[in-house]
Amino acid sequence: MRSRNPVFSRRGFSRDNGYAGFNAAPQAGGPAVATQGNPYAQGTQGAPYAQPAGNPYAQNPYAQQDLQSGTPPQAPATTGRMTMDDVVIRTGSTLGVLVVTAALAWALLPVDDANIGRSYGIGIGAALIGMVLALVQSFKRKASPALILSYAAFEGVFLGVVSSVVDNRIADGAAMQAVIGTMAVFAGVLIAYKAGWIRVNRRFYGFVMAAALGFVFLMMVNLLFAVFGGGDGLGFRSGALGVVFGIVGIILGACFLALDFKQVEDGLAYGAPREEAWLAAFGLTLTLVWIYLEFLRLIAILNSND
């Protein structure tokens with residue numbers, strides 16, 4: 001599974017391992033579906049782990065069949081496969097690093113009038129480094145725990161600084177409100193997904209991707225107008241229009257959480273290798289950071305309009 005944040009491509013779990021069935025031919029009798037680049041447009045039940053006809057674990061060292069006897073193993077080893085515990089532990093570790101560095105940045109990088117320039121500069125520098133690390137991991141074929149944890153550390157520094165700025169200079173308590181809002185969205189989407197109220201299929205995937213690309217494009221245009229024209233550009237981040245775009249950003253983040261849950265579920269069902277749990281953690285962290293920042297911006301806009 002690759003990146004989960006709308007600014008990165010969503011490619012599903014690693015293509016070069018023996019568990020993933022990207023671009024696999026459809027099963028006999030199945031519909032001919034274009035699979036290139038779409039993890040939800042596979043030939044087998046629409047899952048990103050769809051396998052070609054035959055033994056789906058033919059390349060899986062943990063579930064080999066006894067070729068001489070022709071009988072399946074009595075108990076396929078599961079130690080090399082991703083489990084829900086693996087996903088939870090690695091996601092918790094990644095978010096833990098992010099929270100610790102955010103707290104340190106909040107405490108050690110003051111945002112009073114005398115220090116805000118230096119602190120904000122450090123925060124922006126950390127954000128740029130985190131973005132580069134995230135891009136590198138997004139284009140790697142396998143998970144790199146060092147890259148993922150480093151991304152979380154630098155992203156935490158940025159979040160700590162920007163949260164301190166908003167909380168201390170714009171809206172008292174904004175950071176805690178954004179955290180509560182992010183947790184509420186995560187819990188709500190998880191409950192809705194498990195209850196079957198959200199159906200993640202190719203149509204859902206295509207709609208979310210199209211909406212996310214349009215959203216990011218508009219934000220980039222707004223940034224360019226702000227840089228060269230001054231002010232807030234086209235006004236997508238202030239006033240009533242800013243509130244609307246903030247809500248849209250949160251909804252998009254919730255949709256990407258549903259896609260994250262779907263890919264984790266498929267990874268568990270189709271026996272993804274254990275290291276893929278780091279990619280699940282990476283994707284969930286990206287999405288949660290996205291939702292948190294949208295909440296923080298929305299709270300700042302609402303308080304600045306008071």
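In segment 186-218, which chymotrypsin sites (Phe, Trp or Tyr not before Pro) fall in coil by DSSP and have 15 or fewer other Cβ atoms within 10 Å?
Details: sites: Phe186, Tyr193, Trp197, Phe204, Tyr205, Phe207, Phe215, Phe217; in loops: Trp197.
In loop regions of segment 186-218 (DSSP not H, G, I, E or B), the sparsely surrounded chymotrypsin sites (Phe, Trp or Tyr not before Pro) are Trp197.
Distance from the Cα centre of segment 85-123 to that of segment 176-222, in angstrom?
Each part's Cα centre sits 24 Å from the other's.
Given Cα pairs under 8 Å that are at least 6 residues apart, what percent is the relative contact order of segment 105-200?
Dividing the mean separation by the residue count of segment 105-200 yields 28 percent.
Of all the accessible heavy-atom surface of segment 74-201, with the other protein chains kept in place and a 1.4 Å probe, what percent is carbon and sulfur?
69 percent
Highest first, please rank the peptides 117-128, 81-92 by the mean number of other Cβ atoms sitting within 10 Å of their residues.
Details: 117-128: 15.9, 81-92: 17.5.
Most protected by this proxy first, the peptides run 81-92, 117-128.
Please give me, ordered by residue number, the trypsin sites (Lys or Arg not before Pro) of segment 177-206 that lie in loop per DSSP and have at most 14 other Cβ atoms within 10 Å.
Those that pass, being in a loop and sparsely packed, are Arg199.
Where a ≥ b ≥ c are the square roots of the eigenvalues of the C-alpha gyration tensor, would you call segment 125-259 rounded, which needs a/c under 1.5, or, failing that, prolate if a/b is larger than b/c, or oblate?
Rounded is the answer for segment 125-259, as its axis ratio a/c remains below 1.5.
The values are calculated or read from the model by the stated rules, or taken from the named source; none is laboratory data. Not measured: the values here are computed from a predicted model. All Cβ positions, glycine included, derive from the backbone under ideal geometry; neighbour counts span all protein chains shown. Side chains included, ligands, DNA and RNA excluded: accessible areas come from the protein's heavy atoms. Shrake-Rupley method; radii C 1.70, N 1.55, O 1.52, S 1.80 Å.
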